[in-house]
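Participant: I have a structure here, written as structure tokens, and I will follow up with some questions on it.
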Amino acid sequence: MEIVSQQLLKYGMDATLVRYLSIVITIILIMIFCIIANFITKKVVIRMITKIVNNTKFHWDNVLLERRVFHKLSHIVPAIIIYYFASTFPSFQHLIEKGAMVYLVIMGLIVINSSLNAMNDIYQTYEVSKTKPIKGYIQVIKIIVITFGIILVIANLMGKSPLLLLSGIGALSAVFMLVFRDSLLGLVAGIQLSTNDMVQVGDWIEMSKYGANGDIIDISLNTVKVQNFDKTITMIPSYALISDSFINWRGMQSSGGRRIKRSLNVDVNSIVFCTEEMISSFKNIHHLSDYIPLREREITEYNNKNKINKSNPVNGRALTNIGVFRAYISNYLRNHSGINQEMTLMVRQLAPTEHGLPIEIYAFTNDVAWAVYETVQADIFDHLFAIAPEFGIQVFQNPSGNDLKKFTNI
């Protein structure tokens, strides 16, 4: 500024006017320097960096470019120039230096934030990110960095040592615990979820308490984002997955089979011993052609061995239509193309209820896709409902309006 003042005085200008005019000209020159430096940084240096990055075979530098880390670094240059020229204004030097330092700290925080985001983006390109996400840890680092940045800004404005402010944080620990309660709980939950491999991005989870039933699309410090099957989004607190129960269907998805566990209720009044005509008819059914002769031989051998009087069907052993029906279902499932034959497969009776005798199918499809699973399950029960009368079996249902109408017409 002295050089500018001397040049103006040579032109014979008034000293008071020179003093104010030199300040204005100096400010304008500093602004021009900042604009030129910023222009050179963005239009020359950044373009050179962009060209180099695009020509490399690495991916991580492209992520830094996409997150504009280098562009944000360019904003530091004008602040350095202003800080350097602060001595030009002795009366305001201290204030200018403080302002420049505050700006440098803020821009440093912005650059660190973008760099951490880029780090997470780079990590997500690896397969391990699906099982071990680091987004929660990065958010913790952001909180710590921003906290220290705010302390540095306050300390700079107050003209005090940052250590003095840090020593006072202990007294405010209870306040910090209250303010960052969710973040702290989320951090602990995130560590437990990751260490115990409880959830991963892409897992199908079900948590009725929060109305969640769908795939995990994001795991962060405080929340787990679930996209439900109706395309709505449910946000679950991370610590809720530790404190509350939920269902993770990952085991089913990785097993290659999805369980069918559904019952068909049989009217107990339709259960009878098989007659000769029924047995003869059953022998013509494809899935019973081997079963009926085998069972007949076993029953005949048992009754002959024990000298059973067959004049009464109560004596000895005999085939029942419900037993043959169960055998048919079992053989039908073992020959069904949609059923996984390597996993548990059984047809069992449950305890009779007021709704009849439940015949439960317990099996697994060989495809875990929802639509395929529902199609296979429906195909099986469509067939069973249609075939039950062939065995003299009546499927139970409560009387409908049509049933009562028929009754009144009798």
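Participant: How much length is gained on full extension from residue 304 to residue 161, taking 0.36 nm per residue of separation minus their Cα-Cα distance?
Facilitator: Value of the extension gain: 41.1 nm.
Participant: What net charge do the residues around residue 122 carry, taking every other residue with its C-beta under 12 Å from that of residue 122, with Lys and Arg at +1 and Asp and Glu at -1? All intermediate terms of the calculation are to be shown ahead of the outcome.
Facilitator: On the way: positive: 67; negative: 61, 66, 121.
The answer is -2.
Participant: Quickly work out the residue 386-to-residue 128 label distance, labels modelled 7 Å from Cα along the C-beta direction, and quote it in nm with one decimal.
Facilitator: Taking the two extended label points, one gets 5.4 nm.
Participant: Next question, about the same structure. May I ask you to derive the FRET efficiency for residue 196 and residue 38 from their Cβ-Cβ distance with R0 = 41 Å, giving the value to the nearest 0.05?
Facilitator: In this case the efficiency is close to 0.25.
Participant: Also: Can you tell me the FRET efficiency between residue 254 and residue 51 if r is taken as the Cβ-Cβ distance and R0 is 41 Å, rounded to the nearest 0.05?
Facilitator: Calculated value: 0.35.
Participant: Out of segment 337-367, which GluC sites (Glu not before Pro) are coil in DSSP terms and have no more than 14 other C-beta atoms within 10 Å?
Facilitator: Of the GluC sites (Glu not before Pro), the ones in loops of segment 337-367 whose Cβ has at most 14 other Cβ atoms within 10 Å are 342, 354.
Participant: Be a star and scan segment 257-293 for residues whose amide nitrogen sits under 15 Å from the point 7 Å along the Cα-to-Cβ vector of residue 314.
Facilitator: Hits in segment 257-293 for residue 314 at 15 Å: 273.
Participant: Could you please state how large a percent of the accessible area of segment 287-410 is carbon and sulfur, counting protein chains only and using a 1.4 Å probe?
Facilitator: Carbon and sulfur: 52 percent of the exposed surface of segment 287-410.
Participant: If I take R0 = 60 Å and measure r between the Cβ atoms of residue 142 and residue 360 in this structure, what FRET efficiency does the formula 1/(1 + (r/R0)^6) give, to the nearest 0.05?
Facilitator: About 0.70, to the nearest 0.05.
Participant: Any number yet on Rg/Rh for segment 56-134, C-alpha, Kirkwood? The partial results should precede the final answer.
Facilitator: Working: Rg = 17.9 Å, Rh = 14.6 Å.
Reported Rg/Rh (Cα atoms, Kirkwood Rh): 1.22.
Participant: How far, in nm, would the chain grow between residue 346 and residue 273 when pulled straight, counting 0.36 nm per residue and subtracting the alpha carbon separation?
Facilitator: Between residue 346 and residue 273, full extension yields 24.0 nm more.
Participant: Another question about this same structure. Let me check I've understood the local charge: for residue 65, count other residues with C-beta under 15 angstrom from its C-beta, Lys and Arg +1, Asp and Glu -1. What total comes out?
Facilitator: Cβ neighbours under 15 Å give a net charge of +4.
The values are calculated or read from the model by the stated rules, or taken from the named source; none is laboratory data. What you see is a predicted model, and the numbers here were worked out from it, not measured in a lab. Cβ: placed from backbone, ideal geometry, glycine included. Neighbour counts: every protein chain shown. Accessible surface areas use protein heavy atoms only, side chains included; no ligands, DNA or RNA. Shrake-Rupley method; radii C 1.70, N 1.55, O 1.52, S 1.80 Å.
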